[in-house]
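Shown next, in structure tokens, is the structure this report addresses.
The values are calculated or read from the model by the stated rules, or taken from the named source; none is laboratory data. Source: prediction; values computed, not measured. Note: ideal-geometry Cβ built from the backbone for every residue, glycine included; neighbour counts use all protein chains shown.
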Amino acid sequence: MRVARKSIFFVFFLLMLGGMALAFHSPARSPVHAQQPTGSIPTVTGTPSGVIVAVYLDRAQEDVYAGPSEYLYPRIGVVLAGQEMPAYGISEDGDYVQIYYPGVPDSVAWVYAPYVKVIKNGELPRLPAPPTPTPAATRVVNINPTLVAAFVTPVVPTRMPTFTAPAPLAIATFVDDASAVNRVPTGLLIFGLGFIGALGTLISFLRGR
């Protein structure tokens, strides 16, 4: 009996060990590889087609216009020194170059030709000028004269003052009196009269003695 019990216990112990080994054992997982795309990816190149122009480096920035004139067309942006851009053509008079300028109508603008140089892909064709923009219509405002009179202070006309001519200006004149040269000086005349009076007084004093 003891041998049978030991055998049963030993078999039971082996079964437990086998169950624990199966419980902690995990099968090796094979690595999963991501599927690579098989289509072709287009290559983007940065080489634009057509004529390329660039702003001269000695110009900080230049205005661009909606047409080949700074007087007939509005200014719509600027280009910077050294900036390169595709060009479509040149004006009929040769003064302005039409360039690619995104963000404006038709994505085109005009820059003064002496400020840019052609750096790639040949010569520019002649292009006609676009229509000039229509000026804004002047709005006519009808003003009620009665309403205006209620806010405007009336001006009462007055008679202008009568002009009175000033009195004639009297200018003093000096007459050269030639007869005054032959007259006796007043000082000499007073001295002579004083001397005669003193002499008469002396004579009267001597006769009284």
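In the condition set (1) modelled with pLDDT under 80; (2) in a loop (DSSP other than H, G, I, E, B), Gly187 is compliant with all but (2). You will find that of Val118, Val175, Val108, the residue that is modelled with pLDDT under 75 and among the hydrophobic types (A, V, I, L, M, F, W, C) is Val175 and no other.
If a residue has to be crowded, with 17+ Cβ neighbours inside 10 Å and either at pLDDT below 90 or outside any strand (DSSP E or B) (or both) to count, how many in the range 63-82 make the cut? Counting residues in the range 63-82 that are crowded, with 17+ Cβ neighbours inside 10 Å and either at pLDDT below 90 or outside any strand (DSSP E or B) (or both) gives 4.
Only residues that are surrounded by 12 or more Cβ atoms within 10 Å (Cβ to Cβ), without any contact (Cβ under 8 Å) to a residue 40 or more places away in the chain, of a type outside the set (Phe, Trp, Tyr) and closer than 16 Å to Gly50 by Cβ: list them for the range 92-127, please. Gln98, Val108, Leu127, listed by residue number. For the range 97-105, the criterion of being in a loop (DSSP other than H, G, I, E, B) and of a type in the set (Phe, Trp, Tyr) is satisfied by at least one residue.
Pairs are defined by a Cβ separation below 6 Å, a sequence spacing of at least 6 or placement on different chains, a first member in the range 72-91 that is farther than 20 Å from Asp58 by Cβ, and a second member that is polar (S, T, N, Q); the pairs so defined are Leu72/Thr132; Tyr88/Gln98; Gly89/Gln98.
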